[in-house]
Amino acid sequence: MKILDFLNEKAISADLNSEDKKGVIQELTGLLVKAGELKPRMKDTVVKILLNREALGSTGIGQGVAIPHGKSEYVEELVGAFGVSKKGINFDSLDGELAYIFFLLLAPIESSGPHLKALARISKLLKDKYFRDSLKSAENEKALLKIIKEEDQRRA
């Protein structure tokens, strides 16, 4: 599975403005709405689903990375949004560090295979410090997409 199998190219931000966990989740969910993956009226419910998942345990996996995820009846297949925060956000990460790189995943209720494969793929790719640093220093969305595409192909 490649990241671009589920990441909507229109749901990418090189400069998230949020100051906290809830704000980042709202902002990333907003990218899915803007990209046409969710209807605007679904946004608040999806944010609530993601925040409820966070209440079970932080999806801040450490090394500046967070992968908020959840399941919703509003999607028919796995969809994702991606963003980078230049200033970093306290995401209650496992290592206590700020998170800068965010992959948001939303899967259908009955699905588990693609959802778990995507989490594994993202986690594996983001173990690479060079890849993380490249994402953090990207100037814009176009540059982010290029970096992700190259890494997807390099680690096919």
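We did not get these values from a lab; they are worked out from the coordinates using the rules stated. Please read these numbers as outputs of a predicted model, since none were measured by experiment. Counting neighbours? That spans all protein chains shown, and the Cβs are built from the backbone with ideal geometry, glycine included.
Points to keep in mind about this one:
- Couplings for the stretch 61-78, taken from phi via the Karplus curve 6.51 cos²θ - 1.76 cosθ + 1.60 with θ = phi - 60°, read 8, x, 6, x, 10, 9, 10, x, 8, x, 10, 8, 6, 7, 10, 9, 8, 4 Hz in order; Gly and Pro are left as x.
- Ordering of 51-57, 144-150 by burial proxy (mean other Cβ atoms within 10 Å per residue, highest first): 144-150, 51-57
- Summing charges over neighbours of Pro108, with a neighbour being any other residue whose Cβ is under 9 Å away from its Cβ, gives -3 when K and R count +1 and D and E count -1.
- Subtracting the Cα-Cα distance of Lys149 and Lys22 from their residue separation scaled by 0.36 nm leaves 42.9 nm.
- For a paramagnetic label modelled on Lys117 (point 7 Å from Cα along Cα→Cβ), amide N atoms under 14 Å away belong, within the stretch 1-28, to 1-7.
- Charge tally in the Cβ shell below 9 Å around Asp92, where Lys, Arg are +1 and Asp, Glu are -1, Asp92 excluded: 0
- Taking all pairs of distinct alpha-carbon atoms in the chain, Kirkwood radius in angstrom: 15.2 Å
- Charge sum, other residues only, whose C-beta stays under 10 Å from Lys10's C-beta, Lys/Arg counted +1 and Asp/Glu -1: -2
- Label point distance in nm, Met1-Lys127, each placed 7 Å from Cα along Cα→Cβ: 1.7 nm
- Separation between Cα centres of the stretch 59-94 and the stretch 115-137, rounded to whole Å: 12 Å
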